[in-house]
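Data block below; observations after.
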Amino acid sequence: MKPRHFLTLLDLSSVELEQLLRRAIDLKAMHRRGETYTPLRQRTMAMIFEKSSTRTRVSFEAGMSHLGGSSLFLSPRDTHLGRGEPIEDTARVMSRMVDVIVIRAFEHDMVVRFAEFSLVPVVNALTDRYHPCQLLADIQTYIEARGPIKGRTAAWIGDGNNVCHSWINAARRFGFNLNIATPAGYEPDSEVVAAAGSCVTLTHDPKLAASGADIVVTDTWASMGQESEKTQRLKDFSGYMVDSRLMHLAHKDAVFMHCLPAYRGYEVDPAVIDGPQSVVWDEAENRLHAQKALLEFLLAPAGSGQKR
Ligand code: CP
Ligand code: NVA
């Protein structure tokens, strides 16, 4: 049987995603109570990371350890992938040895090809196109802070990048509206937008996007791999900083979100990210709980007899 993968949010149905987030909230409460829950004893997670990471690496490794399993982290220097061994061969070999493979890559096609040849679940830990694990934590955070997200409105201000693409998929799966404000030339991919239909609207006006929004969210203006474009991007994104004036246009109960790392004074004013509407630290912590729920879903689903 083909394993389930998590390469984009669309790999899970709305019902599965909602169940997974309920489970994340339960696992968080169990963790707070100090309960031991180790359904993944003797399971191994391999992590292949082509790019830097603080949150994703630490949350996956800590989460796997809480669940009783072990992890091994592989940078490009550690495997033969960096020396030209084919992705397909690496996938076939590693998936005979470990139980789940978490990959952070530049090209999305790398994780797609890896998954095609893997005998075990593959999880996308960020590619240039999507960051689905981030959205599990983000939606969990909104639900915990304000209740159901269905029918709400989020405003994405900034670059139409990988995280923005996953917000678009989240709007589809969780049934909320997403206003996206980008500078001209930095819009999200037109196919990703078109597939979302009427739940997504594009504008070049951050004020229009933020007006009445329940969530205001942004990300760095220069993602990993775009370092050489930074000078030009800083010019092009002028006027797109999320500041208190923009937050005032949003709903009075609106929350501010950012996947982090954040660059204060560029995409976000310190008064906003360090202010009362910011939920960024809960968002970061929830990476741990949401990904534990994901690992459990992929490796020890309820009713499989593999729990505890
Ligand atoms: N938000 C996020 O994925 O952070 P890292 O790059 O630190 O993993
Ligand atoms: N868009 C950012 C997200 C980092 C978590 C990047 O790809 O670098």
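Does segment 238-263 hold any residues that are more than 16 Å from ligand 1 (Cβ to nearest atom) and either surrounded by fewer than 20 Cβ atoms within 10 Å (Cβ to Cβ) or more than 25 Å from residue 139 (Cβ to Cβ) (or both), and which are they?
Within segment 238-263, 238, 239, 243, 244, 245, 248, 249, 251, 252, 253 qualify.
Which ones in segment 76-94 are of a type outside the set (Val, Ile, Thr) and open to solvent by less than 30 Å² (accessible area, probe 1.4 Å)?
91, 94
So residue 128 fits all but one of (1) open to solvent by 10 Å² or more (accessible area, probe 1.4 Å); (2) part of a helix (DSSP H, G or I); (3) under 26 Å from residue 225 (Cα atoms); what number is the exception?
Unmet for residue 128, out of (1) open to solvent by 10 Å² or more (accessible area, probe 1.4 Å); (2) part of a helix (DSSP H, G or I); (3) under 26 Å from residue 225 (Cα atoms): (2).
Quick check on this structure: which one of 167, 156 is touching a Phe, Trp or Tyr at 6+ places or on another chain (Cβ under 6 Å) and without any contact (Cβ under 8 Å) to a residue 60 or more places away in the chain?
Going through 167, 156 in turn, the sole match is 167.
What single numbered condition from (1) hydroxyl-bearing (Ser, Thr, Tyr); (2) more than 18 Å from residue 180 (Cα to Cα); (3) within 16 Å of ligand 1 (Cβ to nearest atom) fails to hold for residue 223?
For residue 223, the exception is condition (2).
When the residues of segment 241-254 are narrowed to those that are in contact with a helix residue (DSSP H, G or I) (Cβ under 8 Å, 6 or more places away or on another chain) and under 20 Å from residue 177 (Cα atoms), which ends up farthest from ligand 2 (Cβ to nearest atom)?
Per the criteria, the residue is 253.
Scan 66, 31, 5 and give me the residue that is closer than 19 Å to residue 140 by Cα and open to solvent by 20 Å² or more (accessible area, probe 1.4 Å).
Result: 31 is the single residue among 66, 31, 5 that is closer than 19 Å to residue 140 by Cα and open to solvent by 20 Å² or more (accessible area, probe 1.4 Å).
Does residue 228 qualify as being more than 15 Å from the chain's Cα centre (by Cα), among the polar types (S, T, N, Q) and within 16 Å of ligand 2 (Cβ to nearest atom)? Reasoning before the result, please.
On the way: more than 15 Å from the chain's Cα centre (by Cα): yes; among the polar types (S, T, N, Q): yes; within 16 Å of ligand 2 (Cβ to nearest atom): yes.
The answer is yes for residue 228.
With the condition being surrounded by fewer than 16 Cβ atoms within 10 Å (Cβ to Cβ), I'd like the helices (runs of 4 or more DSSP H) fully within segment 134-237 carrying at least 1 qualifying residues.
Values: elements: 162-174, 190-196, 206-210, 230-236.
Fully inside segment 134-237 and qualifying: 190-196, 206-210, 230-236.
Pairs, please: C-beta under 9 Å, at least 6 apart or cross-chain, first residue under 16 Å from residue 282 (Cα atoms) and in segment 19-30, second surrounded by fewer than 19 Cβ atoms within 10 Å (Cβ to Cβ) and among the aromatic types (Phe, Trp, Tyr)?
Once the first residue is under 16 Å from residue 282 (Cα atoms) and sits in segment 19-30, its partners that are surrounded by fewer than 19 Cβ atoms within 10 Å (Cβ to Cβ) and among the aromatic types (Phe, Trp, Tyr) give 27/37.
Tell me which strands (runs of 3 or more DSSP E) are completely within segment 1-108 and hold 2 or more residues being among the polar types (S, T, N, Q), or say none if there are none.
Details: elements: 44-49, 70-74, 100-104.
The qualifying strands (runs of 3 or more DSSP E) are 70-74.
Which number in (1) free of Cβ contacts under 8 Å to residues at least 60 places away in the same chain; (2) closer than 28 Å to residue 173 by Cβ; (3) in contact with a strand residue (DSSP E or B) (Cβ under 6 Å, 6 or more places away or on another chain) marks the one condition that residue 44 misses?
Result: residue 44 fails condition (2) only.
Among what's in segment 30-76 and is among the polar types (S, T, N, Q) and within 16 Å of ligand 2 (Cβ to nearest atom), pick the residue that is nearest to residue 124 (Cα to Cα).
Checked segment 30-76; the qualifying residue nearest to residue 124 (Cα to Cα) is 56.
Count, please, the residues in segment 105-117 that happen to be of a type outside the set (Asp, Glu) and either modelled with pLDDT under 95 or open to solvent by 10 Å² or more (accessible area, probe 1.4 Å) (or both).
Final tally of qualifying residues: 6.
Could you count how many residues in segment 17-59 are within 14 Å of residue 102 (Cα to Cα) and more than 16 Å from ligand 1 (Cβ to nearest atom)?
Of the residues in segment 17-59, 3 are within 14 Å of residue 102 (Cα to Cα) and more than 16 Å from ligand 1 (Cβ to nearest atom).
The values are calculated or read from the model by the stated rules, or taken from the named source; none is laboratory data. Every value quoted in this text rests on a predicted model; they were computed, and no experiment measured them. With ideal geometry, Cβ positions are generated from the backbone for all residues, glycine too; neighbour counts draw on all protein chains shown. Accessible surface areas use protein heavy atoms only, side chains included; no ligands, DNA or RNA. Shrake-Rupley method; radii C 1.70, N 1.55, O 1.52, S 1.80 Å.
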